[in-house]
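Reading through the C-alpha cells given below for one structure.
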Amino acid sequence: MVELYTQLIIRWRYVVVLLTLATVMVIGYGAQKLSFSNDYRMFFGTDNPQLLAFEKMQNTFNKNDNILFVITPKDGRVFSVDTLTAVKDITEEAWQIPFSTRVDSITNHQHTAAEEDDLVVDDLVPDPSILTGEDLYRIQSIAVNEPMMVRRLISPDSKYTGINVTVQLPGKKLDEVPSAVAYARDMKAKYMEKYPQLEIRLVGLTMMNNAFPEASQDDAKNLYPLALGFIIITLLLMLKGLSGTLTTFLMIIFSIITAMGLAGWLGIRLSPPVMSAPIMVLTMAIADAVHLLVTMKHEMHLGKNKVDAMVESMRINFWPIFVTTLTTVLGFLSLNFSDAPPFHDLGNIAAMGVAAAFIYSITFLPALITILPARSTREVTGKYAMGHFGDFVIRNYRKLLVASSLVVIVLVAMVPKNELNDVFVEYFDTTIDFRLDSDYAAENLTGVYYIDFSLGTGESGGISDPQYLKNADKFVQYLRAQHEVIHVFSLTDIFKRLNKNMHGDDPAWYKLPDDRNLAAQYLLLYEMSLPYGLDLNNQIDVGKTATKIAITLKTLSSNEVLALEERISAWLKQNMPELEGNGTSPTVMFAHLGKRNINSMLIGTTVALFLISMVLIVFFRSLRYGLISLLPNLLPAAAAFGIWGLFVGQVGIALSVVTGMTLGIVVDDTVHFMSKYLRARREKGFNAEQAVHYAFNSVGIALLVTSVVLIAGFMIMAQSHFELNAGMGLLTSVVIALALAIDFMLLPPLLIKLEENGEKKV
Amino acid sequence: MNRRMIQSTVAAVVVGLLPFTLVAETAEEKGLAIAVEADKRDEGFGDSTANMTMELRNKQGDSSTRYIRIKTLEVIGDGDKSMSIFDEPADVKGTAFLTFSHAIKPDEQWLYLPALKRVKRINSKNKSGPFMGSEFAYEDIASQEVEKYTYKYLRDETLNGIDCFVIERYPAYKHSGYTRQVAWINKAEYRPEKVVFYDRKNSLLKTLTYDGYQQYLDKFWRADQMNMENHQSGKSTTLTWSNYQFRTGLEDRDFNKNSLKRAK
C-alpha cells in the first residue's frame, strides 16, 4: 500500500515537485493579508465576563486608553519657569495627537478659587513666563496638596510630572494605535531637543498596545534568523549531505509558508504568541524529515539504490510519522480551549503547519530527494552507546524505578509552589522601552495598574445626595488606607473643594456639602465653567446616578490584585450594601485571565489526552499499553511545573497552555519506544528485558537526537523579549527533556516490572 | 472617450464656469454672503420663549432627561440676550442661566443658584465645554452672530431632497473646541439643516441635525428637534423644542442679574 503509493510519487516526481511549488505559492499568497494586532483586548474572548464588565464601564463613562508623558527635569525641579513652560507647550500640542480626546497636566488642571463672590475656574498655570518665585511656590503647594494631582500628575517631591492624554480609538483600522504612538514619539523627540533639560518617557495602555506588534516584529527579526541557522546546522550535522539538507530545508520552509498563508486566508491577526508558531512548526517538521532520510541512508548503506531505499523508508516510517503528526496536531488544537484567542491562533497555525509538514514529507520530500543526487554515507554513530545505556537501565531497573518515581513525586509535589501571575507590563522584558519606562513611572511618579469603580445609586441625580456623598467619601478614605493603593481619583474631592471655594476659600469648609440641591447646583456651576475636553463626563454618567472612582495601584501580582478586589468588594457589600459598586480595568481582566485560562485548559488538555490515548490504543492495538503510555505522557508536564515552581514560581496564561501543547509532542517518544518494544515482544517473541534492549538499540539514538532538536528549537523561542513566548519556550523545553528522561529511565523499568507482576499476554 | 467628446466636454465646462468667473466672487465672500443673508432673515423676531427637553444618551443605552425654559431677547447690533431656567432635574430646579452674547468681545454669563440664593459669574472662556453634561457645547446653541466665524463656501449639495449651500466656518473665538464646522444651509430658507463639527486636531467630532422646522410669524424658522451625535464617545443628545412664542413683550430689564433671581 505505502510502497505502491511511494512508487507512484517517485514516478511522477517532477509533477509532484511542481504541484507542491504551485500549492505553496497559492496558499502562501494569503500571508500578504496578515497584519499585527495592537489591542491588549485581543487576549480576551468576546464573552469574557471581565471584558464585558469593562466595556460596560467604558460605555457608561468614557474609554480611557491613554498615553502618559512622564517628564523628568534634570535639575529635579518641576516648578520652575522653564519646566512649566515646557509642560504647557507639550500639553497644548498633545491635543493634536490622533484620537486624543482629553489632556490633563499640572498646567491645565482646572483650579478653582473664590474671587470676591465669584467662582473662578481656570488653568492652574495659564502663562508660565510671567511667574515669580512666589507664584511658583504657590502653584507647587496647590499641586502637591491637590488629591486629584499628587501621585498622578505630580510626584510629592515635585521632581517628576506627568501629562496624561486620553485616547479614544474608534477601533476601525489597524493604523490607529501606531499613528497615535508615532505622533507622541515625534513630540517626545521634538521637545527633548527643544528643552534639553528634560527627559521624556512614554507609558500607558496605548503604548502597551503598540508594544505588542513591536515585540512581534522584534521576535521575527531576532529569532527567525537564529531558527533558520539552527535548522541548517542541525540538518548538515545529522544528514551529512547537501541534497538531504536542501530538501528538508525547503520542506520546512514550505510548511511554515503554508501555515502562515492559511492563517492569512483565514483572517488571523498576528500577535506575539502567534509569532512563535513558525519556530514550533520548524522544530516539529525536522523530526519527520530526519526519520525518513536517516532510514533511507541506512537502506542505501545496505546497498539499495535511492528509489528502493526511499520506498523502504516510507514503508517503515509512514505510520509512525502519521501517528505522531496526528497526536501533535491534537495537542496543538487543544489550545482552542484556551480563554485567550491569541492562543487559539497559535494552536491552529502550529497544527496546520505540522499537518503541512507531514503532507510535504510524504509527497514533496520523496519526490525531490530522488531527483537530487544522493550517495550513501556512513551510519549515524552512537548506536552502541545507546545499547549499553539500555543494558544499564535493564540491570538496575528496580533501583531506577524507585529513584525515578521518587524524583517525579518530589517534583510533582512542588507544583503548588507556582503562583498565578499575569502582570501585563511584565509580558515585556527589560530590553523593551515600554517595560523600562513603565517601571520608571511606577517607581517615581504613579502606578501603571489601576481599577475603576463605578459607585451607583440607581437614582437619577443620586450622586448629589449627601448620604451618597458621605458613603463615597468613606469609600475613598477606606481605599486610601489600603497599602496597595497609590492614588484615588474621586468626585468627592471636587465637591469639598467647591464647598470651600463657595465659602470664600475658608479651609474650614473643605467638606462635603450637606444639602442635595446645593451639591447639585455646585456641580452644575462647576460643569458650566469647565473648558472643552476637561469636562466631568469621564467621572459621572449621563443620569448622574453613578460616579467613577479610579484607584491607581502599586505593581502587584495577579493574586494580590484579586485579593484586593475581593477585599474591596466585601467591604462595599458590608458597609454600603445599598450602592452598586463594581470594580473593573485591564489590570483586573488580566488578573482573572490566568485562572480562567487554567480552568479552560484543564478541559482542553483532558480532551486532548483522551483523544491521544484513543489514537495510541488503536495504534498499539492494546488497551493495556495505551493506558500505560499515559504515564510517560502526563508526568513530564507535571514534573516540569514542579521544576518551574522551584526555580521561577510564577505561571501565567502562556504556561497554562503548555501541558496540552506538549502532550502531543512528548507522546512521540512514547510512540516510537513502545512500538519498537511491542514489535519485539509480538514479532520476535522477546521477553520484556530483551524487548527493552531492542527498543533502546533501534530508537534510542533517534529519540535522543529528536529531543535535543526540539529542546534547542524551543530554547530559541525562550530567547524572545516577549515573556509569554519566552516562558512558553523554556517550559516546553523542560517538559521535553523530562519526557526523554522518563521514557528512558521510568518507562522501561515500569514495563519490566509490570511484566514481572503477572500478565504475560501482550 | 474619443477626442471630440473630450473637446466638447472641456468646452462645456469652460462655458459653465463663465458666470462664476465673471462675478469673480471668492469662496470666502460667498460663504460670508450666505451667513449674512441667514442672519438677516432671522432679524426682527424681537423676543421669544420656548420649552426645551434635553435627552442625553450614552453608548451603554442609558438616558437622562432635563427640562429647561428659554427666553431670548433680540439685540440689534450685538449678540442676543438669553435666559435659561432649569425645571428638572429637581435638585437644580430654579437655577437660571443668563447670557449676553457678543459679536466680538467674549460673552458674559451668570448663573443663579437658588440653594445658595446667589448669582455667580461664569468664566466665559469656557463656553466650549459641555452644556449640562450634554453633547452640546454652549457655543453650539448660543446665538450665531455673523462675526463669530469666518466663512468659506464649499459647494452646492442636495441633503435629504433639500437644496443646500455647504459652507465651512472657522471660529474666531480663541478657546473654541473646534477648528471648523461644515454647515448645510437650506438654499430657499437660509436655515441650517446639518452641521458637522471638527475638533482641535481637525478630526470629525460631532454631527448636529435639525428636524421638524416650523415657521413662526410667517418668517422665523425654528427646528422642533436638534440631534447631536458625538462620533468619538458614542454619546448623543436630543433637544426637543415646544411652545415657541414670539414677541411676548420681554424687555431688557427681564435680562439682568436681578431678574435671574426672580426667574423661577
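Please treat every number below as a calculation from the coordinates, not as lab data. All figures in this text were calculated on a predicted structure; none of them were measured in a lab. In this analysis, Cβ positions are derived from the backbone assuming ideal geometry, glycine residues included, and neighbour counts consider all displayed protein chains.
Considering only B:Ser259, A:Ile349, B:Met54, and ranking their Cα positions along the charge dipole of the protein assembly as shown that arises from unit charges at the beta-carbon of Lys, Arg, Asp and Glu, the one farthest toward the positive end is A:Ile349. Ranked by the mean number of other Cβ atoms within 10 Å of their residues, highest first, the peptides B:165-172, A:67-74 fall in the order A:67-74, B:165-172.
By the count of other C-beta atoms within 10 Å, a proxy for reagent exposure, A:Leu169, A:Leu747, A:Leu469, A:Leu630 are ordered fewest to most as A:Leu630, A:Leu169, A:Leu469, A:Leu747. Per-residue ellipticity at 222 nm from helix content only, as computed over chain B with -39500 (n - 2.57) for each DSSP H run of at least four residues, stands at -5500 deg cm²/dmol. For the stretch B:34-57, backbone nitrogen atoms closer than 17 Å to the point 7 Å from B:Leu217 Cα along Cα-to-C-beta are found at B:38-51. The ranking of A:Tyr137, B:Tyr210 from fewest to most other beta carbons within 10 Å of each one's beta carbon is A:Tyr137, B:Tyr210. On C-alpha positions alone, give me the angle between the axis of helix A:306-333 and the longest principal axis of chain A, in degrees, nearest 10. Between the helix axis and the principal axis of chain A, the angle is about 30 degrees.
Per residue of peptide A:731-738, the mean number of Cβ atoms on other chains within 10 Å of the residue Cβ is 0. Taking label points 7 Å from Cα along the Cα-to-Cβ direction, A:Lys554 and B:Ala90 give a separation of 4.6 nm. If R0 is 45 Å, the Cβ-Cβ spacing of A:Ala189 and A:Tyr29 corresponds to a FRET efficiency of close to 0.75. Entry for the stretch B:20-261 at q = 0.15 Å⁻¹: log10 I(q)/I(0) = -1.15, Debye formula applied to identical alpha-carbon scatterers, no solvent contribution.
Taking the helices alone, chain A has a mean residue ellipticity at 222 nm of -21000 deg cm²/dmol, built from -39,500 (n - 2.57) per DSSP H run of at least 4 residues and averaged over all its residues. When only alpha carbons are used to place a centre, the stretch B:92-120 and the stretch A:1-80 end up 55 Å from one another.
Legend: calculated FRET efficiency, A:Asn305 to A:Phe610, from the Cβ-Cβ distance at R0 = 45 Å, rounded to 0.05, equals 0.50. Fully extending the segment from A:Arg480 to A:Asp433, taken as 0.36 nm per residue of separation minus the present Cα-Cα distance, adds 13.9 nm. Distance between the 7 Å Cα→Cβ label points at A:Thr132 and A:Leu602: 7.0 nm. Counts of other chain beta carbons within 10 angstrom of each beta carbon in peptide A:535-542 average 5.
Between B:Trp221 and B:Tyr216, the built amide H atoms are under 5 Å apart, and every one of these is 5 or more places off in sequence or on another chain. Could you bin all the Cα-Cα distances of the protein assembly as shown into 10 Å bins starting at 0 and give me the percent of pairs in each, rounded to whole numbers? All Cα pairs, binned at 10 Å, distribute as 2, 9, 16, 17, 15, 12, 10, 8, 6, 3, 1, 0 percent. For chain B, averaging the sequence separation of C-alpha pairs within contact (under 8 Å, six or more residues apart) and dividing by the residue count gives a relative contact order of 20 percent. Neighbour counts of other Cβ atoms within 10 Å put A:Met25, A:Met674 in the fewest-to-most order A:Met25, A:Met674.
Normalised by the number of residues in the stretch A:569-698, the average gap of Cα pairs under 8 Å and 6 or more apart makes the relative contact order 23 percent. Dipole of the protein assembly as shown computed with +1 at Lys/Arg Cβ and -1 at Asp/Glu Cβ about the Cα centre; of A:Leu198, A:Gly581, A:Phe230, farthest Cα towards the positive end is A:Phe230.
Charges only on Cβ, +1 for Lys and Arg, -1 for Asp and Glu: so what's the dipole of the stretch B:20-261 about the Cα centre, in debye to the nearest 20?
Charge dipole, the stretch B:20-261, about its Cα centre: 1060 debye, nearest 20.
Mind running the shape call on the stretch B:54-168? Use the C-alpha gyration tensor, a ≥ b ≥ c as the square roots of the eigenvalues: rounded below 1.5 for a/c, prolate if a/b tops b/c, oblate otherwise. The shape class here is oblate.
Report, as a whole number in µm² per second, the diffusion coefficient that Stokes-Einstein gives for the stretch A:711-762 at 4 °C and 1.567 mPa s using the Kirkwood radius over alpha carbon pairs.
On the way: Rh = 12.9 Å.
Roughly 101 µm²/s, to the nearest whole number.
Given their separation in residues at 0.36 nm each and the Cα-Cα distance between them, A:Lys417 and A:Leu623 gain 70.7 nm when the chain is fully extended.
Per q in 0.24, 0.30 Å⁻¹, report the Debye log10 I(q)/I(0) for the stretch B:210-264, using one uniform scatterer on each alpha carbon and no solvent. After summing over all Cα pairs, the log10 values are -0.92, -1.09. Cα centroids of the stretch A:591-657 and the stretch A:144-186: 43 Å apart. Evaluate the Debye formula for the stretch A:124-226 with equal point scatterers sitting on the alpha carbons, no solvent, and hand back log10 of I(q)/I(0) at q = 0.16, 0.20, 0.22 Å⁻¹, in q order, two decimals. With one equal scatterer per Cα and no solvent, log10 I(q)/I(0) is -0.92, -1.16, -1.24.
Taking the longest Cα principal axis of chain A as reference, the axis of helix A:397-413 is set at about 10 degrees.
Using R0 = 22 Å, the C-beta based FRET efficiency linking A:Leu631 and A:Phe322 works out to 0.40. Each Cα pair under 8 Å and six or more residues apart adds its sequence gap; the mean of these over the residue count of the stretch A:193-287 is a relative contact order of 38 percent.
Kindly state, as a whole number, the per residue volume in cubic angstrom of the convex hull around the alpha carbon atoms of the stretch B:149-248.
131
Annotation for A:Arg679 and A:Asn222: the two label points, set 7 Å from Cα along the Cα-Cβ direction, are 4.3 nm apart. When GluC sites (Glu not before Pro) are flagged only if DSSP places them in a loop and at most 12 other Cβ atoms lie within 10 Å, the longest unflagged stretch of chain A comes out as A:117-378.
Roughly what % antiparallel, to the nearest 5, for the DSSP beta bridges in the protein assembly as shown?
Working: 129 of 133 bridges.
That works out to approximately 95 percent antiparallel.
Quick one: helix A:466-480 against the long Cα principal axis of chain A, what's the angle to the nearest 10°, folded into 0 to 90? Relative to chain A, helix A:466-480 is tipped by roughly 50 degrees.
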